[in-house]
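The values are calculated or read from the model by the stated rules, or taken from the named source; none is laboratory data. On a predicted model such as this, the values are computed, not experimentally measured, just so you know. All Cβ positions, glycine included, derive from the backbone under ideal geometry; neighbour counts span all protein chains shown. These area figures cover heavy atoms from the full protein model, side chains too; ligands, DNA and RNA do not enter into them. Shrake-Rupley method; radii C 1.70, N 1.55, O 1.52, S 1.80 Å.
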Amino acid sequence: MLLIAVIFISGATLTAYVYSFVNQTNLGALSRGAQTIASSIDASEVANLSGTEEDLNNPDYLTLKSKLQKIQRVEKDVRFVYLTGQTETGEIFFFVDSEDPLSEDYSPPGQTYEEADQSFIDAFTTGKPNITGPTSDRWGTWITALAPIVDPETNKVVSTVGVDIDASGHQRYVLTNTMIPALITLLLLALAIIGQRISRHEQQMVEVKSEFVSIASHELRSPLNGITWALDNISKATNLTPPQTNMIAEVKTTANNLLGNINDILNASSVTGNRQTKLMLEEVDIARLLKMAAEQQLLAAKERGVEIVLEKFPVGSNVIKADKEKLKRVFSNILSNSIKYSNSNSSVEIAFQHIGDAYQISFADHGIGIPTKDQAKIFGGYYRAANAQKSGVTGTGLGLYFAQKIVELHGGKIWLKSDEGQGTTVFVQLPIIKS
Ligand code: ADP
């Protein structure tokens, strides 16, 4: 919406500016043309005219007529060039014009210009050039530039040069030039509106998808829990053969993986979409939370032959305001990655330290690592590095996406350092919010 408003306002301003600029430039050129003509005419030549039909035989009239005709022929946009005079009673009349005497638009010397507006009179009284129009007379509708001819001896205006251009031609010229920014504005507006519609549609699709996935996952989780519970009970039976025991263990691992994936999807969908994720803040002891997350992953670590090492934590209480359940899921996700992408018979070290106004937790493993080119993408969601996919370890690519969202909601940050084939260390920094 803001983008559309910005485009509209800047487009309208630019269009108005171009309109006024082209209009002023064209009128300025017309006015300068009239002034050039006025300065090229000797006031004494006009002073010799009587402003009556007798001028037709006056050589000065003939010279001026031919001059005006030449100018009109050269300047294609100019329809009429003429010299006007003013009677003692203030009426405006023609001394000489650029029309052929045979033309029906010809004005003989002395003809009163009845339609002359105040600007013609002003030109005589002020001695200053001006522009008037669009004004209509019996010949058409014009924009007229007026430039007085001043007698240098008396300092009086002896005549005024009038230059007429067709008003609709001028307006067409200005509008044609103004159309370019107006069209660009309309085009940009159309693009912005289409872009907004597409993104709204995509957003709705993502929400519908995540709603659907979340409902489907909920429905899958309960029966899966039932299956793993039943498998636990079956595996306790004493009369099982070794192949049966192995098969039950395999089914249990698969069911647990599936449960993990469903949890990832549910977690991720809880931080996607328009709904603002709410944190249930309470006082949480970070060290205790880490221990709980480590205990949760103990079985998975044992199965891979990975030892979880909790390095010495800072003494005393290490309490922050946090959403306990969500933060525990974050630590579990990161730790679960460290274990599942570890080399068997290696260790995962969890370190925890106080840095400035924040707690920093790190999870270091000695496993497959993350290729440099993939490191920027793995927090974006639904992304798994090629080496992780090849390793046969299952995953959704949603664990770190969820972790990043939750850590950022706590005002913290998450990042990692990794060398392919060497191992990965994931860092989480959480601000200590004083209560
Ligand atoms: P997944 O369910 O695939 O593990 P995550 O979002 O938790 O999804 O992680 C995204 C990807 O980041 C993983 O698929 C993997 O490629 C990479 N990754 C995350 N943690 C580690 C790790 N400790 N060691 C190696 N690769 C990791």
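Of the residues that make up the range 342-362, is at least one modelled with pLDDT of 95 or more, more than 37 Å from the chain's Cα centre (by Cα) and within 10 Å of the ligand (Cβ to nearest atom)?
So far as the range 342-362 goes, yes, one or more of its residues are modelled with pLDDT of 95 or more, more than 37 Å from the chain's Cα centre (by Cα) and within 10 Å of the ligand (Cβ to nearest atom).
Could you please give the count of residues in the range 282-310 that are crowded, with 17+ Cβ neighbours inside 10 Å and under 13 Å from Gln353 (Cα atoms)?
Kept after step one, since they are crowded, with 17+ Cβ neighbours inside 10 Å, are these residues of the range 282-310: 284, 286-287, 289-290, 293-294, 297, 300-301, 304, 306, 308.
Adding the requirement that they be under 13 Å from Gln353 (Cα atoms) leaves 286-287, 290.
Adding up the residues that qualify gives 3.
Quickly run through the range 313-330 and pick out the residues that are closer than 13 Å to Leu430 by Cβ and in contact (Cβ under 8 Å) with a residue 60 or more places away in the chain.
Answer for the range 313-330, where residues must be closer than 13 Å to Leu430 by Cβ and in contact (Cβ under 8 Å) with a residue 60 or more places away in the chain: Ile320, Lys321, Ala322, Asp323, Lys326, Leu327, Val330.
Might you let me know whether the range 398-413 holds any residue that is buried (at least 17 other Cβ atoms within 10 Å of the Cβ), more than 8 Å from the ligand (Cβ to nearest atom) and more than 28 Å from Arg288 (Cβ to Cβ)?
No, that holds for no residue.
So which of Leu259, Leu240 is open to solvent by less than 90 Å² (accessible area, probe 1.4 Å) and touching a residue at least 24 places away in the same chain (Cβ under 8 Å)? Explain how you work it out, then say what you get.
On the way: Leu240 fails: touching a residue at least 24 places away in the same chain (Cβ under 8 Å).
So the residue among Leu259, Leu240 that is open to solvent by less than 90 Å² (accessible area, probe 1.4 Å) and touching a residue at least 24 places away in the same chain (Cβ under 8 Å) is Leu259.
Just need a number here: residues in the range 70-88 that are closer than 27 Å to Gly140 by Cβ and loosely packed, with under 15 Cβ neighbours inside 10 Å.
At the first step, the residues of the range 70-88 found to be closer than 27 Å to Gly140 by Cβ are 70-87.
Keeping just the survivors that are loosely packed, with under 15 Cβ neighbours inside 10 Å gives 70, 73-74, 76, 87.
Total satisfying the criteria: 5.
Using beta carbons and a limit of 7 Å, which pairs, at least six apart or on different chains, have the first residue in the range 25-43 and under 19 Å from Trp142 (Cβ atoms) and the second one open to solvent by 70 Å² or more (accessible area, probe 1.4 Å) and not charged (D, E, K, R)?
So the pair list comes out as Asn26/Tyr173.
Tell me, please, whether a residue that is out of contact with any His (no Cβ under 8 Å at 6 or more places or on another chain), open to solvent by less than 50 Å² (accessible area, probe 1.4 Å) and within 12 Å of the ligand (Cβ to nearest atom) can be found in the range 311-322.
Taking every residue of the range 311-322 in turn, none turns out to be out of contact with any His (no Cβ under 8 Å at 6 or more places or on another chain), open to solvent by less than 50 Å² (accessible area, probe 1.4 Å) and within 12 Å of the ligand (Cβ to nearest atom).
Tally up the residues in the range 137-187 that are in a loop (DSSP other than H, G, I, E, B) and hydrophobic (A, V, I, L, M, F, W, C), please. Steps first, answer last, please.
Residues of the range 137-187 in a loop (DSSP other than H, G, I, E, B): 138-139, 151-156.
Going one step further and asking which of them are hydrophobic (A, V, I, L, M, F, W, C), we end up with 139.
Residues meeting the conditions: 1.
Filter the range 250-292 down to the residues that are of a type in the set (Ser, Thr, Tyr) and away from the ligand (no atom under 16 Å from the Cβ) and list them by number.
Result: Thr277, single match.
Scanning the range 214-237 for residues that are open to solvent by less than 70 Å² (accessible area, probe 1.4 Å) and among the small types (Gly, Ala, Ser), which turns out farthest from Thr396 (Cα to Cα)?
Ala237
Go through the range 153-197 and give me each residue that's over 19 Å from the mean Cα position of the chain (by Cα), among the aliphatic types (A, V, I, L, M) and open to solvent by 50 Å² or more (accessible area, probe 1.4 Å). Talk me through it step by step, then tell me what you get.
Within the range 153-197, the first condition is being over 19 Å from the mean Cα position of the chain (by Cα), and the residues that meet it are 153-180.
Those left that are additionally among the aliphatic types (A, V, I, L, M): 157-158, 161, 163, 165, 167, 174-175, 179-180.
Of everything in the range 153-197, those that are over 19 Å from the mean Cα position of the chain (by Cα), among the aliphatic types (A, V, I, L, M) and open to solvent by 50 Å² or more (accessible area, probe 1.4 Å) turn out to be Leu175, Met179, Ile180.
Pairs please, first residue from the range 185-200 and in contact (Cβ under 8 Å) with a residue 12 or more places away in the chain, second anywhere and surrounded by fewer than 12 Cβ atoms within 10 Å (Cβ to Cβ), Cβ atoms under 8 Å, 6+ apart in sequence or on different chains.
Every condition considered, the pairs that remain are Gln196/Met1.
Considering Asp374, Asp365, which residue is touching a residue at least 60 places away in the same chain (Cβ under 8 Å), open to solvent by less than 30 Å² (accessible area, probe 1.4 Å) and within 8 Å of the ligand (Cβ to nearest atom)?
Of the residues listed, the single one that is touching a residue at least 60 places away in the same chain (Cβ under 8 Å), open to solvent by less than 30 Å² (accessible area, probe 1.4 Å) and within 8 Å of the ligand (Cβ to nearest atom) is Asp365.
State all residues of the range 36-59 that are in a helix (DSSP H, G or I), open to solvent by 80 Å² or more (accessible area, probe 1.4 Å) and closer than 18 Å to Val81 by Cβ; if no residue qualifies, say none. Even if it seems obvious, please write down each step before you answer.
If we filter the range 36-59 for residues that are in a helix (DSSP H, G or I), which is where we start, we get 36-40, 43-47, 53-57, 59.
Now restrict to residues that are open to solvent by 80 Å² or more (accessible area, probe 1.4 Å): 36, 39, 53-54, 57, 59.
Within the range 36-59, Thr36, Ser39 meet the criteria.
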